[in-house]
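Reviewing the structure listed below.
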């Protein structure tokens, strides 16, 4: 368990550091990926375009997808916290977008007909934030399925950079913010459960003590 926590911490710090560093090289990175464009790769990645619907609509799609997985048995107990993580992540991300007011790469590069259009400002990526905000819940309840979710997240995030609607820093820092928020909401639920168990044990002890006194 401690090794998992250490690994998670290292990955998060790496994402944060790389995100900050990439702020200084965003233009070069975006131009590099744009230089890789070719009809075959465009067609392959273009197949993911239905995952690239704008902002809040994409977020709702992801939320519905996640909720479907958690409508099984006792997993339904996570729904409230999943929705809370989604709402809080979306609010924080769009607030930052308005404050930073960063233009999309294809706008900054003057691309009149970009392969993929996007609504709103660039920093940070709402797609990356919302997808990674859901990851802690999969880590808790679907340890094996979480890898499929990570692959899905990577494909979506890479496509956002490849079709220049986001810079690398938008993706990395958006992922970082989203995961932290999701982790907080997930652990809030875990702490609630532990507290409930403590309260139950305390009640049982009190009942036993009363019986002994009698």
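The values are calculated or read from the model by the stated rules, or taken from the named source; none is laboratory data. All values reported here derive from a predicted model rather than from experimental measurement. Positions of Cβ are backbone-derived with ideal geometry, glycine not excepted, and every protein chain shown enters the neighbour counts.
Could you tell me which of the residues 179, 147, 183 is exposed (fewer than 15 other Cβ atoms within 10 Å of the Cβ), at pLDDT 90 or above, assigned to a helix (DSSP H, G or I) and on the phi < 0 side of the Ramachandran plot?
Numbers: 179 fails: exposed (fewer than 15 other Cβ atoms within 10 Å of the Cβ); 183 fails: exposed (fewer than 15 other Cβ atoms within 10 Å of the Cβ).
Just a single option satisfies the conditions, and that option is 147.
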Report task. For the range 76-90, indicate whether the set of residues that are without any contact (Cβ under 8 Å) to a residue 12 or more places away in the chain and within 16 Å of the chain's Cα centre (by Cα) is non-empty. Result -> yes
Among residues of the range 16-35 being under 21 Å from the mean Cα position of the chain (by Cα) and part of a helix (DSSP H, G or I), the residue nearest to residue 161 (Cα to Cα) is 26
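Looking at this structure, is residue 45 under 24 Å from residue 163 (Cα atoms), assigned to a helix (DSSP H, G or I), modelled with pLDDT under 85 and more than 18 Å from the chain's Cα centre (by Cα)?
Details: under 24 Å from residue 163 (Cα atoms): yes; assigned to a helix (DSSP H, G or I): yes; modelled with pLDDT under 85: yes; more than 18 Å from the chain's Cα centre (by Cα): yes.
Taking the combined requirement at face value, the residue satisfies it.
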